[in-house]
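The values are calculated or read from the model by the stated rules, or taken from the named source; none is laboratory data. Bear in mind that the values here come from a model prediction, so they are computed numbers and not experimental data. Ideal geometry is used to build each Cβ from the backbone, glycine not excepted, and the neighbour counts take in all protein chains shown. Side chains are part of the model used for accessible areas, which takes the heavy atoms of the whole protein and leaves out ligands, DNA and RNA. Shrake-Rupley method; radii C 1.70, N 1.55, O 1.52, S 1.80 Å.
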Amino acid sequence: MTSLARSCFKLRGRVIPYLFRHRLVSNIVRGYATKYPSEVRVVEVGPRDGLQNESQFVPTPVKVELINMLSRSGLRQIESTAFVSPKWIPQMADNQQVMRGITKRPGVTYSALVPNLKGLHSAMEVGVQEVAIFGAASETFSQKNINCSIQESLKRFEEVMKVSKENNIKVRGYVSCVVGCPYEGDITPGAVSEVAKALCDMGCYEVSLGDTIGVGKRRTMVAMLEEVMRLVPVERLAIHCHDTYGQALVNTVTAMEFGISVVDASVGGLGGCPYALNATGNLATEDLVFMLHGMDVNTGVDLNHLVDAGVYINQCLGRKTKSRVGEAHMSRQSSGA
Ligand code: HMG
Ligand code: MG
């Protein structure tokens, strides 16, 4: 043993307790274990993902007012409607009226879902500047949701991408069923990374990973994220969690630990996918923002304005909010506290 090694060995009895007493070890470990982004871009999907599953048609002025209220909260990106077939999703049939009706705030992107060229052309007629194409990691879900195979969907998306590029329209991508499918059960991480990479390669500036039916657990999210990040850089990924088992916040934090800094959420926890029967709402935007601010993660969103938007839409729908933060806020207000 060298003399240096011998001295270290003798000192261990004093140095190690010192490090623990002054929390140096736990701070170092925590610093390495939890490196969250300092800022998160919240993508509000309530007006689209949140409302698409409502059985009663939500009047266009209500949708417009919801989007206007959300705009005032400081959100920079609001997925406002979908240019999909009204036979498949009747709730989104007023897509053009919604886009024409909203008061566009500078600095806010009002995007829309499009499945094909027909949807893109319709979106372009009303000046949509950003669209989202949506694929899946499950063959059966792809068939049920957009009536074609994964390969066929990618071909359609190439066409959408080409015309979008020619017209300076930004394109975001979604991969649904990233951990589980309502028809096929567990989904392998490799199936997700393949579709995510294909969307990136064709030109999506960002790909949102959708836990469509909210079955993700920390373990399955970690396995999926590890695989996807082998093929897609983290700067081009977003996370989109539904909250069926109350795991959406945890799964979002897991994604943030991997460095993902774009999170989709839906005001009031509205939502569900009509072709994913078990899916409940998305992660509630109010709960997400409340948690992020508590972690000192900046969002630029004013929680009070957001809560007001959640109260408004839930009152219009005649139901209780699914946001815990929204609920707490309302009961404080009604008790006069
Ligand atoms: P299809 O029936 O195979 O389409 O549907 P088609 O090309 O054979 O056309 C049939 C009819 O639809 C024709 O009309 C077309 O003109 C019309 P007809 O001649 O019978 O009168 N059509 C359209 N109309 C308006 N806009 C369009 C459009 N395209 C065709 N864009 C299609 C294929 C993709 C259109 C259909 O399956 C569809 O609209 N699917 C959308 C399903 C959907 O919106 N699902 C929910 C969103 S995905 C989601 O929520 C997941 C996500 O949140 C992430 C996650 O949570 O994982 C994004
Ligand atoms: Mg969704």
Between the Cα axis of helix 285-294 and the main Cα principal axis of the chain, the angle (0 to 90°, nearest 10) is 20 degrees
Relative contact order as a percentage, segment 262-337, C-alpha pairs under 8 Å and 6+ apart, gives 32 percent
Restricting to Cα pairs under 8 Å and 6 or more apart, the percent relative contact order of the chain works out to 19 percent
Tilt, helix 3-21 to longest principal axis of the chain (alpha-carbon atoms), in degrees rounded to tens, equals 50 degrees
Rounded to the nearest 10, the angle in degrees between the Cα long axis of helix 60-72 and the longest principal axis of the Cα atoms of the chain comes to 30 degrees
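When only DSSP loop residues count, what trypsin sites (Lys or Arg not before Pro) in segment 64-132 have their Cβ near at most 15 other Cβ atoms within 10 Å? List each step's numbers first, then the result.
Details: sites: ARG72, ARG76, LYS87, ARG100, LYS104, LYS118; in loops: ARG76, LYS87, LYS104.
Passing both the DSSP loop test and the Cβ count: LYS87, LYS104.
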Counting only protein heavy atoms and rolling a 1.4 Å probe, one gets per residue an accessible area for segment 208-280 in Å² of 35 Å²
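At a Förster distance of 56 Å, what's the computed FRET efficiency of GLU139 paired with SER331, Cβ-Cβ distance as r, to 0.05?
On the way: r = 45 Å, r/R0 = 0.81.
Rounded to the nearest 0.05, the efficiency is 0.80.
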The chain: spread of alpha-carbon positions along the three principal axes, whole Å, largest first, is 79, 56, 37
Computed over segment 224-337, the Cα gyration tensor eigenvalues, each multiplied by 5 and square-rooted, give semi-axes in Å (largest first) of 27, 18, 10
